[in-house]
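Read through the structure below, which is laid out as structure tokens, and then see the notes.
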Amino acid sequence: MHLERLMTEADRSGNRIAVCFIDLDGFKTINDSLGHDAGDHLLKLLAARMRKTLRNDDLLTRLGGDEFVAILSSAQSPATLSTVLERLLETLAEPASWNQQAMRVTASIGVSLYPSCGGPMGAEQLLRHADHAMYDAKRNGKNSYAFQEGSDLTQA
């Protein structure tokens with residue numbers, strides 16, 4: 001798994017990586033009201049937008065449905081990381097259209113960091129922490145991001 005390799009590199013280099021679990025808010029409504037072709041179009045468009053927002057050495061993958069994971073290799077300072085997350089939120093909230101129908105979604109992003117002040121963990125646990133943090137972002141009103149519990153960073 002690529003994440004495990006990045007974790008090993010982070011151990012060697014002393015860098016941190018950030019795993020960002022991204023869930024689209026309001027995607028089901030688009031899919032249900034405009035159809036699956038519109039939903040597929042929107043997913044491709046948003047993936048391309050996210051790819052442009054991230055650095056070349058960051059990874060982006062779609063897990064399924066409306067869920068994505070971005071792995072930010074060498075997670076910068078908290079301020080820089082927050083800037084990247086804000087740009088992702090802005091990018092995902094930009095309007096799109098399908099057959100002259102407006103489409104708009106937002107995103108909830110959960111972030112886990114490696115290595116973490118919460119102690120050692122494996123790749124699956126790192127993903128799980130990001131997933132849990134994403135639900136915190138949803139509970140906090142959506143269109144936001146949250147860090148794993150116990151992180152040395154604060155929620156936005």
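A short reminder: the numbers here are calculations on the coordinates, not readings from a lab. Small disclaimer: the values here were computed from a predicted structure and weren't measured. Quick reminder, even Gly has a Cβ in these numbers, built from the backbone with ideal geometry, and neighbours come from all protein chains shown.
Brief remarks on what is shown
- Output for the stretch 5-35, where each listed residue is in contact with a strand residue (DSSP E or B) (Cβ under 6 Å, 6 or more places away or on another chain) and either charged (D, E, K, R) or without any contact (Cβ under 8 Å) to a residue 40 or more places away in the chain (or both): ARG16, ASP23, ASP25
- Looking only at residues in the stretch 1-17 that are touching a Phe, Trp or Tyr at 6+ places or on another chain (Cβ under 8 Å) and not in a helix (DSSP H, G or I), the one that is farthest from GLY110 (Cα to Cα) is ARG16.
- When residues of the stretch 1-28 are limited to those that are among the charged types (D, E, K, R) and surrounded by 13 or more Cβ atoms within 10 Å (Cβ to Cβ), the one farthest from ILE71 (Cα to Cα): LYS28
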